[in-house]
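Down below is the structure, laid out as structure tokens.
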2 protein chains.
Amino acid sequence: MSTTTKRAYNFNAGPSALPLEVLQKAQAELVDFQGTGMSVMELSHRSATFEAVHNEAIANLRKLFAVPDNYEIVFLQGGASLQFSMIPMNFLTEGKRANYVLTGSWSEKALKEAKFSGEAVASVSTKENKYKNIPTEVEVGENDAYVHITSNNTIYGTQWKTFPETGNVPLIADMSSDIMSKPVDISKFGMIYAGAQKNLGPSGVTVAIIRKDLLESANTNLPTMLKYDTFVANNSLYNTPPTFGIYMLGEVLKWIEAQGGLEQVAKNNEAKAALIYDAIDNSNGFYYGHAEEGSRSLMNITFRVADEELEKQFLKEAEEAGFVGLSGHRSVGGCRASTYNAVPTEACQALADFMKAFQAKHQ
Amino acid sequence: MSTTTKRAYNFNAGPSALPLEVLQKAQAELVDFQGTGMSVMELSHRSATFEAVHNEAIANLRKLFAVPDNYEIVFLQGGASLQFSMIPMNFLTEGKRANYVLTGSWSEKALKEAKFSGEAVASVSTKENKYKNIPTEVEVGENDAYVHITSNNTIYGTQWKTFPETGNVPLIADMSSDIMSKPVDISKFGMIYAGAQKNLGPSGVTVAIIRKDLLESANTNLPTMLKYDTFVANNSLYNTPPTFGIYMLGEVLKWIEAQGGLEQVAKNNEAKAALIYDAIDNSNGFYYGHAEEGSRSLMNITFRVADEELEKQFLKEAEEAGFVGLSGHRSVGGCRASTYNAVPTEACQALADFMKAFQAKHQ
Ligand SMILES: Cc1ncc(COP(=O)(O)O)c(C=O)c1O
Ligand SMILES: Cc1ncc(COP(=O)(O)O)c(C=O)c1O
Ligand SMILES: [Mg+2]
Ligand SMILES: [Mg+2]
Ligand SMILES: [Mg+2]
Ligand SMILES: [Mg+2]
């Protein structure tokens, strides 16, 4: 495949940029996978060829993310949004309370769904501060079934830097927008979940990592497809999984490994984000960030152009210059650059340069 | 792209064969979609480019399948299996009974899930006849919320030829394994649903076609992602949809149109199935079919080699000869050839020839 492929500067919040190498490999083998005379999409999910793809993806996820043996890894459908419902259905057991830490719109939505299953509260919220920060402490109740956090707030651009202590109460994290962007001590969590479409692959696959003891004490009287145990007991092959998405996720994992694993990926992500935050911080207030400094996300950089009219102009000129996805979420406006794993350093450098040039021209 | 691509004779039951032309088009534009400098997988689901893909797929489905205006078309995740749960959650309203017609394993599973939501019964079943036939009549109760059928029984190889009359009670059909294999009078149904992975595309997308009045009287107090209205009200874009799967489904629909639409596709499917059924019927009992003649599926041809030892040999030699997916479902054994839309006539001819040659050699 040609290496002169035209590539946009893709800062989409999700679905988002995928590694060019992964796309080129998928392209090369799209019609004939491993000499089978079939596309990977045409394989039976019960065939040895597909099961190898599937199991390799799970094994690589376990290895690269250092998932301990007492955790199950499953692939689900329905996006992180369906997890908002499945988590309380499975883990909000009789007489217990679900405890949500609100740090943005996604945590609000997660809480809303929990209320269908039982008692669910927002023990802490940074809403009054316009979700500009991550709380320094959480309040854990004795009777809590779990504490739920959003590790990275895609819309507001904040991110937990250290995870809260919840004692015996399982900590559950929606890592949709920062999963595998850095090493994480999985043993601190009861469960981690994420839609694949930001750091791990195309949309249509959701990853969940669940500590085994949570599964043992989970609610059992649930519809088959809404019970985690169905996926665990059948290695995520109870029904037809999204086979192409799992294949792509597996290829992205191999790419992460080729980058040097999560230590190196984390370093790259820090350097990438610094390029853009520096352009903001050195702008003398021409640009300003939404998040407080200690809570800044390395994945979603949210900022404003101080002059509202110029902000429109900025987004317009950026688009014309080949930058994609820089408008803030429709619920908050402003600007947002999502710099997930697969967004190359050059794209971040180009954006920083563009920001500086725009400032020089217009201020 | 080369037209000499090696192609297996793919008789998989699902995921299954896709049209070569569709795969080749997807391959050609996989890295750079419409000059955007992005893969279709890297587009935001809220971008104009993706929304055009999405809306074109819905519009083409409506046109080709002749879906009347009083029906909504939505794309879901979770496979047909999740629909087994969502249907009763949404449509088995207070005080009503769900009525299931059992014609195979999939209808049994659908019934099992309905029981989580309320009263659900098997009014008719052909299990005693080993699911070799489709019933000639159904029993509709006054108090039925709906009648559920499986239009094509993927495992047993039977298919409804005319659909039952259910009067004012909505008829709901799982068409996973024969959707858009022929024209259907949609107005007879309250709802039709299908996983895409047999006739419509890769796995990971589920299509539902729902009559509007069903939505109006549906249960409302449901988790957001399990309520059809969420998908209807947001044009299937409430959360991130499986974008690549929807794109592929759209391409398959264009291919169906290029074949001459469903009238022509139905003729092709009849001719394809006849090649294989003839090989069975003209074998003097060397092969025999599972389904009774009037109930035979044009999509899944289930048969046995009368001599059990020879059956093993048949499956082994077929595999060596490049035929894929001919083993019957693990729950019933035997042989099965799935001849969905995208399976070419030549593959069916090759299988019929192989069956005759095998018989000549071994009997
Ligand atoms: C943190 C977070 N959680 C949940 C979601 C919802 O994910 P999905 O669209 O896969 O349901 C998103 C989507 O952007 C997100 O960023
Ligand atoms: C008729 C029928 N219904 C339902 C299913 C289950 O579909 P899924 O795997 O998409 O959940 C299948 C799968 O083969 C099927 O053939
Ligand atoms: Mg998903
Ligand atoms: Mg947020
Ligand atoms: Mg599906
Ligand atoms: Mg069946």
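The values are calculated or read from the model by the stated rules, or taken from the named source; none is laboratory data. Just so it is clear, the model here is predicted, and its values are computed rather than measured. Ideal geometry is used to build each Cβ from the backbone, glycine not excepted, and the neighbour counts take in all protein chains shown. Remember, those area values only see protein heavy atoms, side chains included, never the ligands or the DNA or RNA. Shrake-Rupley method; radii C 1.70, N 1.55, O 1.52, S 1.80 Å.
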- Cα-based Rg/(2.2 N^0.38 Å) for region A:210-265, rounded to two decimals, is 1.52
- Distances from B:GLU270 to the same position in the other copies: list them in nm, one decimal, shortest first, using label points 7 Å from Cα along Cα→Cβ. 7.0
- In Å, the Kirkwood hydrodynamic radius from C-alpha pairs for region B:97-140 sits at 10.6 Å
- Simple label model, 7 Å out from Cα along Cβ direction - A:ILE186 to A:VAL121, nm: 3.3 nm
- Leaving out same-chain residues fewer than 8 places away, which lysines sit with a Cα under 20 Å from that of B:LYS272? B:LYS161, B:LYS182, B:LYS198, B:LYS356
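Calculate how many DSSP beta bridges within chain A are antiparallel, expressed in % of all such bridges and rounded to the nearest 5.
On the way: 22 of 41 bridges.
Restricted to chain A, the bridges split so that about 55 percent are antiparallel.
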- Task: Please find, in a Gaussian network model of chain A (springs between Cα atoms separated by less than 10 Å), the residue of A:ARG62, A:ARG296, A:ARG330 whose mean-square fluctuation is greatest.
- Result: A:ARG330
- Query: If you wrap region A:25-90's Cα atoms in a convex hull and average its projection over all directions, what's the area in nm²?
  - Reply: 6.4 nm²
- Can you list, shortest first in nanometers, how far A:LYS6 lies from the same residue in the other copies, with each label 7 Å from Cα toward Cβ? 3.5
- Query: Convex hull over the alpha-carbon atoms of region A:177-333: what's its volume per residue in Å³?
  - Reply: 170 Å³
- Message: What does the copy distance list look like for A:ASP213, label position 7 Å along Cα→Cβ, in nm and ordered from shortest?
- Response: 5.5
- Query: Of all accessible surface on the protein assembly as shown at a 1.4 Å probe, what whole percent is carbon and sulfur?
  - Reply: 47 percent
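Accessible area per residue for the protein assembly as shown in Å², computed with a 1.4 Å probe and the full protein assembly in place, what is it?
Details: 26980 Å² over 726 residues.
With the other protein chains kept in place, the protein assembly as shown gives 37 Å² per residue.
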- Task: Using only the Cα atoms of chain B, build the gyration tensor, take square roots of its eigenvalues as a ≥ b ≥ c, and label the shape rounded, prolate or oblate: rounded if a/c is under 1.5, else prolate if a/b is larger than b/c, else oblate.
- Result: oblate
- Task: Would you check the accessible area of B:TRP160, probe 1.4 Å, heavy atoms only, in square angstrom rounded to 10?
- Result: 10 Å²
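May I ask for the Kirkwood hydrodynamic radius of region A:67-172, worked out over all distinct Cα pairs and given in angstroms to one decimal?
Working: mean 1/r = 0.0700 Å⁻¹.
After inverting the pairwise mean of 1/r, the radius is 14.3 Å.
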- Message: I'd like the mean, over residues of B:77-88, of how many other protein chain beta carbons sit within 10 Å of each residue's own Cβ.
- Response: 5
- Per-residue accessible area, 1.4 Å probe, largest first, puts A:GLU308, A:GLU251 in the order A:GLU308, A:GLU251
- Item | All-pairs Cα distance distribution in region B:162-203, expressed in whole percent, bin size 10 Å | 28, 50, 19, 2
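Please list the three semi-axes, largest first and in whole Å, of the ellipsoid equivalent to region A:146-221, using sqrt of 5 times the eigenvalues of its alpha carbon gyration tensor. Before the final figure, lay out the partial values.
Values: eigenvalues 90, 54, 22 Å².
Over the Cα atoms of region A:146-221, the ellipsoid semi-axes are 21, 16, 10 Å.
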- Note on the structure: Note: A:GLU270 to A:GLN349 extended length (0.36 nm per residue) minus current alpha-carbon separation gives 27.2 nm
- Here the whole-number average of other chain Cβ atoms within 10 Å per Cβ of A:214-223 is 2
- Query: If you find the alpha carbon centre of region B:229-303 and of region A:279-352, how far apart are they in angstrom?
  - Reply: 47 Å
- Query: Using a 1.4 angstrom probe and counting only protein chains, how large is the accessible area of B:HIS45 in Å², to 10?
  - Reply: 20 Å²
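Give the interface area between chains A and B as buried accessible surface, both sides summed, probe 1.4 Å, in Å² to the nearest 100.
Details: alone 15930 and 15950 Å², together 26980 Å².
Chain pair A/B: roughly 4900 Å² of buried accessible area.
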- Report the equivalent ellipsoid semi-axes for region A:260-362 in whole Å, largest first, defined as the square roots of five times the eigenvalues of the gyration tensor built from alpha carbon atoms. 22, 14, 13
- Message: Using a Gaussian network model on chain B with a 10 Å cutoff between Cα atoms, which of B:GLY35, B:GLY333, B:GLY95 fluctuates the most?
- Response: B:GLY35
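What is the antiparallel percent of DSSP beta bridges lying wholly in region B:132-227, to the nearest 5? Show your work: numbers first, answer last.
Values: 7 of 14 bridges.
In region B:132-227, approximately 50 percent of DSSP beta bridges are antiparallel ones.
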- Message: Can you give me the distance in nm between label points at B:LYS63 and A:GLU142, each placed 7 Å from the Cα along the Cα-to-Cβ direction?
- Response: 6.7 nm
- Cα-projected label distance for B:LYS112 with B:ASN55, points at 7 Å along beta-carbon direction, nm: 4.2 nm
- Hull surface divided by four, with the convex hull built on the Cα atoms of the protein assembly as shown: how many nm²? 31.1 nm²
- Message: Given a 1.4 Å probe and heavy atoms of the protein chains only, how would you sort A:ASP213, B:ASP144, largest accessible area at the top?
- Response: A:ASP213, B:ASP144
- Query: With θ set to phi - 60° and the Karplus curve 6.51 cos²θ - 1.76 cosθ + 1.60, what are the ³J(HN,Hα) couplings of region B:144-158 in order, to the nearest whole Hz, using x for Gly and Pro?
  - Reply: 6, 5, 6, 10, 10, 10, 10, 5, 9, 9, 4, 7, 8, x, 10
